[in-house]
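A.B. asks: Have a look at the structure that comes next, please.
The values are calculated or read from the model by the stated rules, or taken from the named source; none is laboratory data. Everything numeric here is computed off the predicted structure, so don't read it as measured data. Neighbour counts are summed over all protein chains in view; Cβ atoms, including those assigned to glycine, are modelled from backbone coordinates with ideal geometry.
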Amino acid sequence: MSNYAVRRFKDRLFFFLGIACIVLAVLPLGSILLEVIVKGLPTLSLNFLTTVPGPGGANVGGIGPAIQGSLILIGLTSLIGIPLGVLSGIYLAEYGDAPYARVMRSLNDVLTEFPSIVVGLTVFLVVVLKVSGSVGLGFSPLSGAIALSFILIPIVARTAEEAIKLVPNALREASMALGVRKWRTTLSIVLSVAKAGLVTGILLAVARVAGETAPLILTVLGNTHFFEGFNEPLAALPLQIYQDALSADPGIQARAWGAALILILVVLSLNIVVRLATRGRMGNSGRK
């Protein structure tokens, strides 16, 4: 009985320690969300969401161009980075023992931990400015998307690799035993089963790049107007928040809180929409 009592005490002790760790991890996140909601919610209005930023004082304007710019950057970055990241993950998972795959995995791990400001500076020097006499893209949405892609690709590649590795080898062997080629097995069977993990990894990567500020300062520069072209500076919510937070004007600071709340809602909305769009298909692929 004494041994049982000791084991029961240890079980309860570690249970409550686990609960305490969860609470300690959630408290900072909850406090940040509460602070953003309390200070950002009063600024929200249709005018705030659709107009251009004002100079300050009584006319602080809105964040319409920043919302539009962030959506454009997320779209361009996803268009560039998601296919490359998924293909990299497939290669690392299916051919991970090859020498090139081991080197690629090491580089991918290094790039995952790379400071975003260094990525932005590199793209600024290579893409934005003139290189070897050729004309760079300048401050533009394309430059920003390229910078954000270097942050998104390693995250997608890593999560895609882990999701594909979880697919049972029996499925691959059964498909190839029927005469199906390896590439067709990977596309038709493996990716279908790993779809839930792939979607989760993509959403995490998009959420990460949606809030990046440092690379955008050096690549898209920022703007107070709506989209003017793929070769012109572009507004974005992280840049709007960064610039407004530095202001001493209380109205502009309130605009920064409102922009922060909208950024959170944009990322949350993207997650919900993708989950709803792929829920039925992921369930069907799992049953198959």
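A.B. asks: Restrict the check to segment 76-90 and report whether at least one residue is over 20 Å from the mean Cα position of the chain (by Cα), in the same structural domain as residue 147 (by TED's automatic domain parsing) and either buried (at least 16 other Cβ atoms within 10 Å of the Cβ) or under 24 Å from residue 168 (Cα atoms) (or both). Quick ask: steps written out before the conclusion?
C.D. replies: First, the residues of segment 76-90 that are over 20 Å from the mean Cα position of the chain (by Cα): none.
No: segment 76-90 contains no residue that is over 20 Å from the mean Cα position of the chain (by Cα), in the same structural domain as residue 147 (by TED's automatic domain parsing) and either buried (at least 16 other Cβ atoms within 10 Å of the Cβ) or under 24 Å from residue 168 (Cα atoms) (or both).
A.B. asks: Moving on to the next point. Just to confirm my filter: which helices (runs of 4 or more DSSP H) fall fully inside segment 134-230 and include at least 3 residues that are in contact (Cβ under 8 Å) with a residue 40 or more places away in the chain? Even if it seems obvious, please write down each step before you answer.
C.D. replies: Working: elements: 141-165, 169-177, 182-185, 195-210, 214-219.
Hits in segment 134-230: 141-165, 195-210, 214-219.
A.B. asks: Also: Scan the helices (runs of 4 or more DSSP H) fully inside segment 1-103 and keep the ones with 3 or more residues being within 30 Å of residue 185 (Cβ to Cβ) and modelled with pLDDT of 90 or more.
C.D. replies: Numbers: elements: 2-40, 46-50, 64-94.
Fully inside segment 1-103 and qualifying: 64-94.
A.B. asks: Starting from segment 40-57, take each residue that is farther than 19 Å from residue 264 by Cα and free of Cβ contacts under 8 Å to residues at least 24 places away in the same chain and list its partners that are outside any helix (DSSP H, G or I) and hydrophobic (A, V, I, L, M, F, W, C), counting only C-beta distances under 9 angstrom and pairs at least six apart or across chains.
C.D. replies: 51/63; 54/60
A.B. asks: A further question on this structure: Quick check: anything in segment 209-222 hydrophobic (A, V, I, L, M, F, W, C) and at positive phi? Steps first, answer last, please.
C.D. replies: We begin by selecting, within segment 209-222, every residue hydrophobic (A, V, I, L, M, F, W, C); these are 209-210, 214, 216-218, 220-221.
From the residues that got through so far, the ones that are at positive phi too are 221.
Taking every residue of segment 209-222 in turn, at least one turns out to be hydrophobic (A, V, I, L, M, F, W, C) and at positive phi.
A.B. asks: Can you pull out the residues in segment 104-119 that are of a type in the set (A, V, I, L, M, F, W, C) and outside any helix (DSSP H, G or I)? Write out each step before concluding.
C.D. replies: Here is the first cut: in segment 104-119, the residues of a type in the set (A, V, I, L, M, F, W, C) are 104, 107, 110-111, 114, 117-119.
If the condition is that a residue be of a type in the set (A, V, I, L, M, F, W, C) and outside any helix (DSSP H, G or I), then 114 is the only one that fits.
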